[in-house]
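What follows is a short report on a single structure.
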Amino acid sequence: MVSLFRAEWQKTTGNRWAVGLLIWIFPAAAIGMSILAIVISALSSDYREYLQMLGPIPWNTRMIETVSFMNNEVGRLIILAFTAIMFAGEYQYGTWKNLVPRRRRVPLILMKFIALAVFVVVSIIAFSIIAVMGTWITSSMAGIEFGPALTPEIAGEFLGDYLLQLLITLSATFIASGYAAAAAMITRNILGSLLVGFILSLGETTVLILTLILYNVLKLPVQIMSLYQFTPGYNLANISAWVKNGAGFSYRVAVDYSLQPFSMEASLLIIALWIVGLIALTLFLFRRQDITS
Amino acid sequence: MESAVRFENISKTFGRGKKQVHAVKNVTLDIGVGQVFGFLGPNGAGKTTTIRMMLTLLRPTQGRVLLYGKDVQREHDILKRVGATVEGAAFYPYLSGQANLEVLARTAGHYNPQRIRALLEQVDLTERARQRFSSYSLGMKQRLGLAAALLHDPDMIILDEPTNGLDPSGIQEMRTFIRELADKHGKTVVLSSHLLNEVEQICDRVAIINKGEIIREGTVKGLLEGKAKLRIEAAPLDKAAAVLGARYAVTPNSHSMTLEAERGDVPRIIRQLIAADIEVYEVVSQKQSLEEYFLAVIQENTTHG
């Protein structure tokens, strides 16, 4: 399996434009932003004063904040594009016919998901380390204290929070990737995979609109709107709310009806089921597929 | 004869309803170990579909493919004994030739840099090994495909149109190379081609496939021995044509006529002409080429099939 992982890594990193623009763009953006902040700090006393006015930025908070940078619409679209290239690229280049006789289909697909996860994790960690280093340099230039000191308690607490935030971001990107990968199996085309994956990820939000219409037009029971709570979008927001506020994500969907938030554990379970389900769907579509290109 | 490949009544259908296409129909065939076997057929006959089923790229609608006695759909590991290029060499365009081979070797779990270097040298790509695949000529792509097929030193090599894009000397080299694989290294080679002259020179056995069905199968020599094309010079020619026309399809020319007959019929034909008081000046048995045989068989199958 290590050998298969290296094969996946080699062919993906070999596509320098795709990896550069869709994966290393995150750490590259962190480098760019840090350099910009350093240059402005060096040139502008006003900016240094402004930083002093803002006060110290704890490195642990900054590092945790940066992890969620990828977890937005643009970030997910970038990951969708990267997944489309990884999965649908094999159809477009006609290379499945070289791979399928050499390995069973299931490990070939699973290794793509594993490689994707590694790329995303490496990119996120690199992004957050670079961003914190940039903050440290600009803080030093502005004469602001950069803390807190790294004690075992702080480190332990930080690590727990950081990993949880990493898990949330990774889950969100995996959901997006799952849509794009399943779409790749159907469309067999990079652009098709990207478009269908994007439409599917948008579909989450339309569930809420659809249930609103069902409730208002067809006069179905208001509980129909709870269906939204089973989408990845709601559950990711709910987990984030639990982490940040210690309370679940509640949403008033009608005058007399608010969604009762799930517990964090329930949301984690639903997200896990979505991820497993999307990977299983991709495997199911690929396992019996005729490779004709 | 030990069987390297056995097709057991395989069929492959694409599409449904009115759009249904029967690409391969009830093919049953054995290919022996150490043979060079050729699939012949016009475009769209079902050659590549048959090869794809051998490699699990396509799932037969009916029947099964056995490689060295094992059902390839159930025991995928048997494909470790097989190397193949299917329908033109396709690789990652942004990777070099060498990197493409490395990726394939790692995918199969037998990465060996020395072997890769040796193969690149064997297919004369050492100098261009580090250049992008997208910059390769068609011939170079074909040679890289051959290197990929030989990467893990398989017992059986499947080559789909292996000489496409090669220049005459490249075709000659490929021909020699394929024969050597069988003669010197005991490999089984299965190839598909529409270059009949090439197949005639390389293959031990051939199967002619048309509209998804195998219409002839046997050794090249055996297939060509069956019928002879006779050129007969006799006088009076019109009388001779009338005598033989009752039984054979006779084509009269200015001074002679030609007809196709079993070799065993030749003495009887001569006796028949003499008995009819026709003077026979010359009977020439012209050896049929595989190309002529192929075209005649395809035409016959298209007309009567």
Notebook entry, point to check: Rounded if a/c is under 1.5, else prolate if a/b is larger than b/c, else oblate: which is the protein assembly as shown, with a ≥ b ≥ c the root eigenvalues of its Cα gyration tensor?
Noted result: prolate
Item checked: Listed residues A:W274, A:W96 arranged by accessible area, highest first, probe 1.4 Å -> A:W274, A:W96
Checklist line | Proximal aspartates and glutamates relative to A:K112, as straight alpha-carbon distance under 16 Å, when same-chain residues fewer than 8 apart are discounted | finding: A:E8, A:E90
Check: If you average the sequence gap of Cα pairs under 8 Å that are 6 or more apart and divide by the length of segment A:121-258, what percent do you get for the contact order?
Finding: 14
Next item on the list: Would you rank A:I129, A:I175 by solvent-accessible area, highest first, keeping every protein chain in place and using a 1.4 Å probe?
Entry: A:I129, A:I175
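Using alpha-carbon pairs under 8 Å, 6+ residues apart, how would you state the relative contact order of segment B:104-244 in percent?
On the way: 112 pairs, mean separation 21.0, N = 141.
Relative contact order, segment B:104-244: 15 percent.
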Next item on the list: Please tell me which of these pairs span more than 18 angstrom C-alpha to C-alpha: B:K47/B:K221; B:K221/B:K287; B:K141/B:K184; B:K47/B:K184?
Entry: B:K47/B:K221; B:K141/B:K184; B:K47/B:K184
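Summarise the long-distance tail of P(r) for segment A:1-63 by giving the % of C-alpha pairs beyond 14 Å.
Summing the P(r) tail past 14 Å for segment A:1-63 gives 73 percent.
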Next item on the list: Express the relative contact order of chain B as a whole percentage, based on alpha carbon pairs under 8 Å and six or more residues apart in sequence.
Entry: 19
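With +1 on each Lys and Arg Cβ and -1 on each Asp and Glu Cβ, how big is the dipole of the protein assembly as shown about its Cα centre, in debye rounded to the nearest 20? Don't skip to the answer; put the middle values down first.
Numbers: 57 positive and 50 negative charges, 163 e Å.
Roughly 780 debye for the protein assembly as shown.
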Margin query: At 1.4 Å probe size, what's the solvent-accessible area of B:I278? Round to the nearest 10 Å².
Written below: 10
Notebook entry, point to check: Taking the Cα centre of each part, how many Å lie between segment B:117-188 and segment B:282-298?
Noted result: 32
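Between Rg and the Kirkwood Rh of segment A:216-287, both from Cα atoms, what is the Rg to Rh ratio? It would help to have the intermediate numbers written out before the result.
Working: Rg = 14.8 Å, Rh = 13.6 Å.
Radius of gyration relative to Kirkwood radius: 1.09.
Mind running the shape call on segment B:139-282? Use the C-alpha gyration tensor, a ≥ b ≥ c as the square roots of the eigenvalues: rounded below 1.5 for a/c, prolate if a/b tops b/c, oblate otherwise. Show your work: numbers first, answer last.
Values: a/c = 3.51, a/b = 3.00, b/c = 1.17.
Prolate shape, in that a/c is at least 1.5 and a/b is the bigger ratio.
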Checklist line | Whole-angstrom gap from segment B:215-261 to segment A:121-184, using each part's C-alpha centre | finding: 85
Check: What do you reckon, how do A:T205, A:T95 stack up by accessible area (1.4 Å probe), largest on top?
Finding: A:T205, A:T95
Notebook entry, point to check: At what distance in nm do the modelled label points of A:A266 and B:K80 sit from each other, each positioned 7 Å from its Cα along Cα→Cβ?
Noted result: 4.9
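Taking a ≥ b ≥ c as the square roots of the Cα gyration tensor eigenvalues, with a/c under 1.5 meaning rounded and otherwise prolate when a/b beats b/c, else oblate, which class fits segment A:161-267? All intermediate terms of the calculation are to be shown ahead of the outcome.
Values: a/c = 3.38, a/b = 1.19, b/c = 2.84.
Because a/c hits 1.5 or more and a/b fails to exceed b/c, segment A:161-267 counts as oblate.
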Next item on the list: Determine the gain in length on full extension of the stretch B:L138-B:Q20; use 0.36 nm per residue of separation and subtract their C-alpha separation, reporting nm with one decimal.
Entry: 39.1 nm
Notebook entry, point to check: With every protein chain present, what accessible area does A:F262 have (1.4 Å probe, heavy atoms only), rounded to the nearest 10 Å²?
Noted result: 50
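The values are calculated or read from the model by the stated rules, or taken from the named source; none is laboratory data. Quick caveat, the model's predicted, so the values are computed rather than measured. A quick note on method: Cβ atoms are made from the backbone with ideal geometry, for glycine too, and the neighbour counts reach across all protein chains shown. To get the accessible areas, we keep the full protein, side chains included, count just its heavy atoms, and leave off ligands, DNA and RNA. Shrake-Rupley method; radii C 1.70, N 1.55, O 1.52, S 1.80 Å.
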